[in-house]
Structures are given as C-alpha cells and as structure tokens.
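The values are calculated or read from the model by the stated rules, or taken from the named source; none is laboratory data. Just so it is clear, the model here is predicted, and its values are computed rather than measured. All Cβ positions, even for glycine, are placed from backbone atoms using ideal geometry, and neighbour counts span all protein chains on display. Areas reflect the complete protein model, heavy atoms only, side chains present, ligands, DNA and RNA absent. Shrake-Rupley method; radii C 1.70, N 1.55, O 1.52, S 1.80 Å.
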Amino acid sequence: MKLTDIQTLSALKVGQSATVHALHVDSGFMYRLNAMGFRIGKPLELIRIAPFNGPFHIKLGNTEVMLRQQDAANIEVLM
Amino acid sequence: MKRIALIGMPNAGKSTLFNRMSGASAKVANWPGVTVDLMSAKLLLAGNIAEIIDLPGIYDLHGFSDDEQVVRHFLCNNTVDLILIVANASQIDRQLTLALQLKALGLPAVLLLNMADEAKKLGISINADLLAKELGYPSVLLSAKYGQGYSDAYQLIETELQKNHAVPTVSLEENFAVDQDVEKKLEHIIDHSVDFPIQTSHSLTQKLDRVLLHPWLGLPLFFGFMYLMFEAVYTLGAPLQDGVAWILDHLRELVLAPLLSFLPPLLNSFLLNGVYDGIATVASFVPVIILFFLFMAIIEDSGYLSRSAFLMDALMTKMGLDGRSFVMLLMGFGCNVPALMGTRTMRSRGLRLLTMLVIPFSLCSARLQVFVFMTTALFAPEQAPLVIFSLYVMTFVVVLLTSLLFKGQFNSSEPFALELPPYRFPTMRQMILRGWHEVRHFLHRATKFITIGVVLVWFLTNMPYGVEPASAASWSGWIGEFMSPILSPAGINPELTIALIFGFVAKEIVIGALAVIYGVEGTALMQGIAQEIDWVQAYSFMLFTLIYTPCLSTIATIRAEAKSAWFTALSLIWPMTLAWIISASFYQIARYLGY
C-alpha cells in the first residue's frame, strides 16, 4: 500500500469508489457511523453532492447515507 | 402479564410491525426510568395478555443520542419477557449489530428479518435457520408491510414467550460495556448465513434520485411537489368540508332544534349555539385534516422527506440549523408535537433548542383549519389556495428570521449522517390506519379541549345574564375592550381577540369560538364574518394565528423536552412579540397603501 493511496473521503470525486481506512471522530459519532456501515475495509461510492456544495450522498453496500463534507474530512479512505 | 419490547434501527419497519400487531389499539404510556411517552398496546398471545412496547428506533445500544438513552433506561428499569429485534433483511450485514449487543447482555429475543420481499428482489438470500443457530436467537423472515411470513413470525413469538422466564432487568449501565467481539462475530455470521450478490442496487430509487436529487432541479421540484400537495388538499378538501358542514347544519335544523325547543331559551342557546355550533364547525374540517395527513403519510413513508434533508442541509446550515431541522419543520406541518419529539435524535443541545424554537412556526393542520375557513370566507375560490400557500411561505420567512437572530445563542457543530432509504409507497392499509389515527386524535382533542373551549366562549359571550350575546356589555365584550389597545393596531377586532385568546389552548377552538361568538355556523358563519371584517384584517389575523403560540400541548412538550423554564418562556414570549410586530406592520402598511 502506497501512502498516496490514502486520502480523506471529502477529497473523493463524484462517481469514485474507495474503501474505508480510518475514522477520526468522537466515540458518539463513531457508533453512529459504524451502525450505518462505515467499517474499516468496507467499500463505498460517492454518488452525488447536494445543491450549494452541500452534503455527500454515499452508497455503502445496500445502505445510502448523506454525510456532510466537513465530517467526510475526518474519514480516511483507500483509493 | 408478559412484556414484549420492539427494538430496531431507524427505517427497519419497526412501527409498521407494531401497527400490524396492535391493529389500531395502540396508546401512549409512561414507563419507569424513561422521561418520554412510548407507544404500547395489549394483545392476546398464546392465551395470555401481553403488553407490547414500541421503543424508539436506534442505531446502537451504546449511542449518545436521547433516543438511545431512552432504550437503555427502559431496559435498565423494566423487566422484559421477550425482545423483538426488527432488522431490515437487505441491510442485515450492518443491522445485526443490535442483535449481537442484546445477546451479549443475555436478554431473551427473537430476530425478525423484515422487508424480506425487498431483500429477495435484490438477490440477497438469507438462511434464517443457520443465522439463528450462529446468533443464538430464533430468526424468521417476513414482510411486516405486506404480511408474508407474518403468521410464522407470530407463532414463533408465541412459542418463545411461553418458553422464556422473566429475565431480571439489566442492573447497571456498566453492563453495556462495548463488546469488542461484536464486529468479528458479525463478519462470521454474515459470511456463513447470508449470500449477497456482487452488485446490488435499488434501480428504481437510483433512477428517481437522478431527477429528484438533481443539483439544480432537486430543490425546485421539491417545492413544486409541496405546492401541488397543498393545492390538492385545498381543492379536494374544501368541497368535502362544505358537504360535512351542510349535513351537520341540516342535522341541527331538522332534528336537534325541534327536539330541544321545549328547553328554556338560555339552556337551548347553550346547547345549540354553544356546544353544537362550536363542535360542528370544528368537526366539518376533519375531512380536510384526514386528506392532509394521507398526503403527509405518503411523503413521509416514501423516503422523500429524508431526501429533503439532503437537499436543504447546506442552506439550513447557514441558519444555524441542519437538514434534520428542515425535516422536523415539514413534520410540524402535520402536528408540532411529534416534530418537537423528533428532535431527540439531535445530540447537540444548541441545535436541538434552536430547532425547537422554530418548529412551532410550522403551519400545523389545526392552524390549516382556521386558514381554510378564513380564506374561504374572504377570498375568491381561485385566490384561496395561493393565500394559504403564502402562509406556508410565511412559516419559512419567520423561521429564517428567528434562526438568524438566535443562532448565536444556540451554537452547534454536531457531525451528522442520515440514512437515505430507498423509495417506498405506503399500502392502502397503512394509509387507512393513518386516517383513522387522525380521526381518533381529533375525537380525543374534541373531548378534551374543544368542548371545554367552546363552552367557556359561550359563557363569556352570554354572561352576565340577559345581555345581547357577544355585545359590548358581555364578558367577552369587556375582555375585547380591554385588549383592544394592544390588538387594534393589527386590525384584530374584539370578537377575533376572544377567538385568539382561546386559540392559545388549541387552534381548533378558534373557529369553534367564532361560531359561538357570531351565533351561527357553516356557510352562514362565513358570510357573517365576511360582513364584519375585510381581507386585510383577515390576513393580519391569520398571520397572528400562524406565529403566536400554537397550542397548550406544544408548550407542554417544549417544557418536557427542553427541561428548561427559561427556554419555555422564550418560546412563549418571542413568537407572541413577533406575531404582533408582523401583524401590526402588515395591517398598517396595507392600510397606508389604501387597501
């Protein structure tokens, strides 16, 4: 694994896929993200970005979630 | 009596199952250790009466939101004979965690793999028996919505209920220590008992989202749909309201009036002009409300509501709120009380309070009745829906104003993620149940507030004994006179003032009160009001009704949810002040412009 392959989720472009590498969030939010399917090694895809540069629309397996870009910046993904 | 608790993640179909099991018999109840009301129902299971409790949807037993605490406190303070874990079968790879956490606590449970039809369509195959063996909980596939597998599930629940002995309550919060093994077990069980196709997708949802969540078209489409819905409620609802009013009017003239004619005039007037006119006028709006809630139910159950959070989040953030606040405002269009309770999913107190401060501005269905009444009386049929829509727009104007003004006081930077479930359409059964629920809600309010309200209004307008009803010499005349320096700048006359005072208790009373004050109901009442006031006064009155305190239940809910006297005071005083400023400004400017 090259270090350059790791980037924040917020840097993903629409249509790109990656796998979850690390979550740098407080434990309360960690529970929530885990329960929604953000687990290390899980693949995800950025489907679209909301109007006015709003939240991300992300697909994780059979679950689709919205996540704010500022929070996506705390999630590392592996390209 | 056996006790059963329903636990599941949001969007797992928990409430659908609860409704299917309880029929329409559910009611709200209090529970030890839990500060909020929970829905529960009693039903006959395996020859025993069992009580079934619908716990809030949660993601994680360890989570920090209020809802997650409610579930924890409930399990700590109440013995439960059986837990029904409701999980979305197509998302079992993540929803199984709740079951594993409950297993770690040693609580007796059954795993209900709901939405089995959807999972099958997606090509996911679950070996429920193998899953049950690995997990240690009996498991069954079903569709709570359409009923497949329901009788099997029901039988399984009965068997398990007979088997299990009451387990002591989970004694300490420490028992909820994080189970490190959960993730490993999860992987293991899913690998063994579930077969996922390589690529799964809800193709219809994807196609719809491409249009409905389009970067430029998404928001205009959303507001377009909302407008169409309100237009439809008015266009379909107004004739229905007219019809019910006509029936109730004839019932009065042909049956009740002759029947009660032997009574002394005062008692006769009390029963007919007070109680009957008041309640009948309010009751004639029930069809409009049912219609409105049917549309709301479709939008709510369809998954479009959470999409509106996605579309609006960026704009709401600028106001110190977020996408969830927007969803709660929309929910508030039905009734402000559940919308206020819905803020429990917010972990940041600042965000939650600011959202609770703006929810009461949401034009709820009770206020809608007043506005349908007023616009039908004072505006041309083609103008009326536009006038009502302008009041919905006003909701957002007032929310914008309030949130920008107060966002400094209620800071928040809560991270948040929200699920976007696939689009679904409610079944006829779900819609009928919803309609019935609204009728029952109305009957409940009718017996509680509306009757007392209209009776009090009758006394105020007819006492002291022998006065001309609602004249300056009556008690209501005195009050109106007393309040007139405050409300006359807004064009609100003494009669409307009395209606507003009682509207503080519940907005339905406003039209009931007007019927009593003017001593007529139905079409005659509308004509009577049209002669007394003009459209400028009516619109000013509607603005005031929209903005000032929604009702006593809302205030009580704010008090209970915020647990703060000063916040409750703020949410009383600020809307009152704002209502006066906006109504008076509108009235004065309109008059200055010569209207």
Inset, instruction - Report, by residue number, each residue of the range B:575-595 that is surrounded by 17 or more Cβ atoms within 10 Å (Cβ to Cβ) and over 29 Å from residue B:444 (Cβ atoms). - result: B:578, B:580, B:582, B:583, B:584, B:586, B:587, B:590
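Being in contact (Cβ under 8 Å) with a residue 12 or more places away in the chain, over 30 Å from residue B:534 (Cα atoms) and within 14 Å of another protein chain (Cβ to nearest Cβ) is the requirement here; does residue B:425 meet it?
So residue B:425 does not fit the description; no.
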Legend entry - Total residues in the range B:190-223, condition open to solvent by less than 70 Å² (accessible area, probe 1.4 Å), at pLDDT 85 or above and either assigned to a helix (DSSP H, G or I) or more than 10 Å from every other protein chain (Cβ to nearest Cβ) (or both): 10
Legend entry - Evaluation of residue B:132 against (1) farther than 22 Å from residue B:158 by Cβ; (2) free of Cβ contacts under 8 Å to residues at least 24 places away in the same chain; (3) not aromatic (Phe, Trp, Tyr) (one fails), failing number: (1)
Inset, instruction - Select from the range B:517-527 the residues that are open to solvent by 40 Å² or more (accessible area, probe 1.4 Å) and part of a helix (DSSP H, G or I) and write down the one among them that is modelled with the highest pLDDT. - result: B:527
Inset, instruction - Give, as residue ranges, the strands (runs of 3 or more DSSP E) completely inside the range B:1-78 that count at least 1 residues that are at pLDDT 85 or above. - result: B:2-8, B:34-45, B:48-54
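One line per residue, one yes/no per condition, for (1) of a type in the set (Gly, Ala, Ser); (2) assigned by TED's automatic domain parsing to the domain that holds residue B:287; (3) at positive phi; (4) buried (at least 24 other Cβ atoms within 10 Å of the Cβ):
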{"residue": "B:330", "(1), (2), (3), (4)": "no, yes, no, no"}
{"residue": "B:336", "(1), (2), (3), (4)": "no, yes, no, yes"}
{"residue": "B:345", "(1), (2), (3), (4)": "no, yes, no, no"}
{"residue": "B:350", "(1), (2), (3), (4)": "yes, yes, no, no"}
{"residue": "B:361", "(1), (2), (3), (4)": "no, yes, no, yes"}
{"residue": "B:366", "(1), (2), (3), (4)": "yes, yes, no, yes"}
{"residue": "B:380", "(1), (2), (3), (4)": "yes, yes, no, no"}
Legend entry - Residue match in the range A:2-21 (condition: more than 12 Å from every other protein chain (Cβ to nearest Cβ), without any contact (Cβ under 8 Å) to a residue 12 or more places away in the chain and assigned to a loop (DSSP other than H, G, I, E, B)): yes
Inset, instruction - Determine whether the range B:53-72 contains at least one residue that is within 10 Å of chain A (Cβ to nearest Cβ), among the charged types (D, E, K, R) and within 24 Å of residue B:140 (Cβ to Cβ). - result: yes
Inset, instruction - Can you give me the number of residues within the range A:28-79 that are at the interface with chain B (Cβ under 8 Å from one of its Cβ atoms), free of Cβ contacts under 8 Å to residues at least 24 places away in the same chain, open to solvent by 50 Å² or more (accessible area, probe 1.4 Å) and not hydrophobic (A, V, I, L, M, F, W, C)? - result: 1
Legend entry - Hits in the range B:457-486 (condition: among the aliphatic types (A, V, I, L, M), on the phi < 0 side of the Ramachandran plot and open to solvent by less than 80 Å² (accessible area, probe 1.4 Å)): B:457, B:460, B:463, B:467, B:472, B:473, B:479, B:483
Inset, instruction - Please list, ordered by first then second residue, the pairs with beta carbon atoms under 6 Å, 6 or more apart or interchain, first in the range B:478-494 and under 22 Å from residue B:535 (Cβ atoms), second modelled with pLDDT of 85 or more and open to solvent by 60 Å² or more (accessible area, probe 1.4 Å). - result: none
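Has the range B:400-418 got at least one residue that is touching a strand residue (DSSP E or B) at 6+ places or on another chain (Cβ under 6 Å) and of a type in the set (A, V, I, L, M, F, W, C)?
Yes, some residue in the range B:400-418 is touching a strand residue (DSSP E or B) at 6+ places or on another chain (Cβ under 6 Å) and of a type in the set (A, V, I, L, M, F, W, C).
Residues are listed down the side, and each one gets a yes or a no for (1) aromatic (Phe, Trp, Tyr); (2) modelled with pLDDT under 90; (3) open to solvent by 70 Å² or more (accessible area, probe 1.4 Å):
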position: B:109; (1), (2), (3): no, no, no
position: B:117; (1), (2), (3): no, no, no
position: B:121; (1), (2), (3): no, yes, yes
position: B:133; (1), (2), (3): no, no, yes
position: B:162; (1), (2), (3): no, yes, yes
position: B:170; (1), (2), (3): no, yes, no
Legend entry - The one condition in (1) within 14 Å of another protein chain (Cβ to nearest Cβ); (2) over 18 Å from the mean Cα position of the chain (by Cα); (3) open to solvent by less than 10 Å² (accessible area, probe 1.4 Å) that residue B:372 fails to fulfil: (1)
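Of the residues that sit in the range B:398-416 and are out of contact with any Ser or Thr (no Cβ under 6 Å at 6 or more places or on another chain) and within 14 Å of chain A (Cβ to nearest Cβ), which one is most open to solvent (accessible area, probe 1.4 Å)?
Selected residue: B:413.
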Legend entry - Filter pass, residue B:126 being hydrophobic (A, V, I, L, M, F, W, C) and at pLDDT 90 or above: yes
Legend entry - Among (1) within 14 Å of chain A (Cβ to nearest Cβ); (2) among the β-branched types (Val, Ile, Thr); (3) open to solvent by 10 Å² or more (accessible area, probe 1.4 Å) - the single one residue B:79 does not satisfy: (1)
Legend entry - Odd one out for residue B:534, checked against (1) open to solvent by less than 10 Å² (accessible area, probe 1.4 Å); (2) more than 22 Å from the chain's Cα centre (by Cα): (1)
Inset, instruction - Can you run down the residue pairs with Cβ atoms below 9 Å, 6 or more apart or on separate chains, where the first is in the range B:90-101 and at the interface with another protein chain (Cβ under 7 Å from one of its Cβ atoms) and the partner is open to solvent by less than 10 Å² (accessible area, probe 1.4 Å) and part of a helix (DSSP H, G or I)? - result: B:90/B:119; B:91/B:119; B:93/B:186; B:94/A:35; B:94/A:36; B:94/B:186; B:97/A:35; B:97/B:186
